[in-house]
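Only one structure is covered here, and it is reproduced in the block below.
Please treat every number below as a calculation from the coordinates, not as lab data. These numbers come from a predicted model, not from an experiment. Positions of Cβ are generated from backbone atoms using ideal geometry, with glycine treated the same way; all protein chains shown enter the neighbour counts.
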Amino acid sequence: MPGQIPTGDIHHLRLTVTDLERSREFYTGLLGFGIAAESPPPDDPSAEAVFKVLFGGVVMIRGNLLLGLRPMAPSGDRFDLEQALRLFDERGVRHGEITRLASFGIDVLPFEDPDGVQLELTAPIAPAGEG
């Protein structure tokens, strides 16, 4: 179509989920996904290296689609956008201002990589009395 960027098939999707086992059962039991790869137990010698790819989650497959499930950070774990802003300033990284998107429950900090590609860091809005 005119005005659209041509893309190929979707290779994979990764979802952040609140309950890994519940979501795993939903996608495998109801939607027929099979397990392609899963994180080893924490005491496994390969756990640290695998975490960099699977983030403690699981990758499933159905047909050509890979679907990754990644557990959320523990409750109360917050990403500090103010600290990121200070580090960007210290290192000369071009960035915008932190913008609150209340309807989505997040704050957003846009910044640029060395090639000028805009990226965004997001953090959940801390409940009153926190952060």
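Using a simple spin-label model with pseudo-atoms 7 Å out from Cα toward Cβ, D89 and L30 lie 4.7 nm apart. Projected label points at F55 and D115, each 7 Å from Cα along the beta carbon direction, are separated by 2.1 nanometres.
If the chain linking M72 and V108 were pulled fully straight, counting 0.36 nm for each residue of separation and taking away their Cα-Cα distance, it would gain 11.2 nm.
Gain on full extension, evaluated as 0.36 nm per residue between E82 and R22 minus their Cα-Cα distance, stands at 18.2 nm. Once backbone amide H atoms are built at 1.01 Å from N, G68 has L13, R14, L15, M60 as its partners under 5 Å, excluding neighbours fewer than 5 places away on the same chain.
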